[in-house]
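First comes the structure, then the notes that go with it.
The values are calculated or read from the model by the stated rules, or taken from the named source; none is laboratory data. This one's a predicted model, so the numbers in the text were calculated from it and none came from an experiment. Cβ atoms come from the backbone with ideal geometry, glycine included; neighbour counts cover every protein chain shown.
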Amino acid sequence: MSKKVIVVGGGIAGLAAFRQLQVQQPNIDVVLLEASPQLGGKIRTTDFLGRQIDEGADAFITRVPWALELCDQLGLDSFLVSPASSNAYVLINGVLRKLPKGLVLGVPTKLLPLIRSRVVSPFAALRAGFDRFLPDDWPGDDESVGGLIRRRMGDQIADRLVDPLIGSINAGDTDHLDAALAAPQLETAARRHRSLISGLKEQTKKPAGTSAPVFLGLELGMGQLIETLVRSLGEADIRTGTPVTGINKNSGNLVVRTQQTSIECDAVILATPAHQAALLLAECQTAADRLSSIEHASVAMVTMGFRQADVGHPLDGSGMLIPRGEGLLTTAVSWGSSKWPHWTDTEHAIFRVSAGRAGDTRALALEDDELVEALLTEVANILDINGDLLEWRVSRWIDAFPQYAPGHDRLVAAIERDLRSEMGGLFLAGAGYKGIGIPACIQQGNQSAEAALDYLKTL
């Protein structure tokens, strides 16, 4: 009798897990259950001003291989595109200033460009340079990103450069994000070298003649990845519009309950946000309580379209970051029509404006038209826009950004121990656990599939 595995959740992690199971063991009966009508989770691409524009992530990082490998396997390598510009801006005291050259996740590795940028004061720039001479003062495990940057480079670097960048990626406060998980590149450099700057310079050394892009997108948006991945699965048993209501153990098997039926299976891959996983695992109370303790932030993204001639500020970059200290509702603006060459035309400017992060829920309290008006006022003031908004779209991502508090890795390890003890055969995957972003979710999906296959061999 063939074994059965159920994948709960049809985002990129669940789809990657499904594909891995199908590729490795095509004779296994695999079912995917997704609550919403469509697949893709936080990856969604829809039409805007005649283009396919992402409502969520519009790119993936290339420093790790998993998304690139999947694109290659799916035949998408010829559709990959890189940003047209590596320049970006940050708002300082109401004035846009170009980010200095030599930044690594917001950390300056070159002193002169930092001083010339006027992003921080001359004293703050010199304070950052002291990192080269300070003794090794690593405090041990569980340091936050903000704690690492403040002790090595000072408060202004943390507040004006690192927090706007890493905090924007995670919709979080870097003073409360685990450095080893939210910024492993920084944490590794700080551990292996006395100086953070020296460690980052060594990490980023490239052989002569190499200039691979840091980020890549797809010509038809990241939804192209989901559509191609789903097509590659063939006549798979994928059921959308099928919410799971609970998972329990019964006579050695796992039972997945939906509103219509109960399905017995040998293994489950639970690829949902942690707070949803907690609700489904109510019969494993210890794991459910730990899952519930993982905090999440919400973000609203408003896509705006203008006539390019109505935008006064030069759009010579990929976008702008807004530090917390500016006190604005806007947290970041991606200048999509300047960032992506396949969006560019001579008529329109398309911006993706973000609002909301951990500790700032103002955007959630506003209706769509109120949110658009508030963000439009801020963006128009910063970019000197004098003209009507041609089109707008609001995308709300509620509780979509897990916050990796210091010690998060130990919390996840404890959850996995609970599940092995009480719900053997159930495995977790997704952004809530071991890395956010498309590549990390693909890798977790693959790993959960391999773990499920290993478990099936023991039955």
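The set of residues in segment 270-298 that are of a type in the set (Val, Ile, Thr) and surrounded by 22 or more Cβ atoms within 10 Å (Cβ to Cβ) contains only Thr272. Within segment 92-149, the only residue that satisfies the criterion of being within 19 Å of Gly319 (Cα to Cα), part of a loop (DSSP other than H, G, I, E, B) and polar (S, T, N, Q) is Asn93. Val268 meets each of the listed conditions (1) in the same structural domain as Gln444 (by TED's automatic domain parsing); (2) farther than 23 Å from Ile442 by Cβ; (3) among the β-branched types (Val, Ile, Thr) apart from (2).
Against the condition basic (Lys, Arg) and either touching a His at 6+ places or on another chain (Cβ under 7 Å) or more than 23 Å from Gln276 (Cβ to Cβ) (or both), how does Arg63 come out, does it pass?
Working: basic (Lys, Arg): yes; either touching a His at 6+ places or on another chain (Cβ under 7 Å) or more than 23 Å from Gln276 (Cβ to Cβ) (or both): yes.
Yes: the conditions hold for Arg63.
For Ile415, the requirement of being at pLDDT 95 or above, among the β-branched types (Val, Ile, Thr) and farther than 22 Å from Ala17 by Cβ is not met.
Results for (1) of a type outside the set (Lys, Arg); (2) buried (at least 17 other Cβ atoms within 10 Å of the Cβ); (3) assigned by TED's automatic domain parsing to the domain that holds Ser198; (4) free of Cβ contacts under 8 Å to residues at least 40 places away in the same chain, shown as yes or no for each residue.
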{"residue": "Leu49", "(1), (2), (3), (4)": "yes, yes, no, no"}
{"residue": "Gln52", "(1), (2), (3), (4)": "yes, yes, no, no"}
{"residue": "Ser78", "(1), (2), (3), (4)": "yes, no, no, yes"}
{"residue": "Ala88", "(1), (2), (3), (4)": "yes, yes, no, no"}
{"residue": "Ile92", "(1), (2), (3), (4)": "yes, yes, no, no"}
{"residue": "Val104", "(1), (2), (3), (4)": "yes, yes, yes, no"}
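Scanning segment 255-285 for residues being among the aliphatic types (A, V, I, L, M) and touching an Asp or Glu at 6+ places or on another chain (Cβ under 7 Å) gives a total of 1.
For beta carbons closer than 6 Å, sequence separation of 6+ or different chains, a first residue in segment 1-30 that is in the same structural domain as Ile436 (by TED's automatic domain parsing) and farther than 18 Å from Ile43 by Cα and a second that is among the basic types (Lys, Arg) and outside any helix (DSSP H, G or I), the qualifying pairs are Ile28/Lys3; Asp29/Lys4.
For beta carbons closer than 8 Å, sequence separation of 6+ or different chains, a first residue in segment 279-300 that is farther than 30 Å from Glu367 by Cβ and a second that is of a type in the set (S, T, N, Q) and assigned to a strand (DSSP E or B), the qualifying pairs are Leu280/Thr245; Glu283/Asn248.
Give the residue that is surrounded by the fewest Cβ atoms within 10 Å (Cβ to Cβ), with candidates limited to residues of segment 360-386 that are on the phi < 0 side of the Ramachandran plot and in a loop (DSSP other than H, G, I, E, B). Outline the logic, then answer.
Taking segment 360-386 and keeping what is on the phi < 0 side of the Ramachandran plot, we get 360-383, 385-386.
Narrowing the set further to residues that are in a loop (DSSP other than H, G, I, E, B) leaves 361, 366-367, 386.
Details: Thr361: 11, Leu366: 17, Glu367: 9, Asn386: 11.
Ranking the candidates gives Glu367 first.
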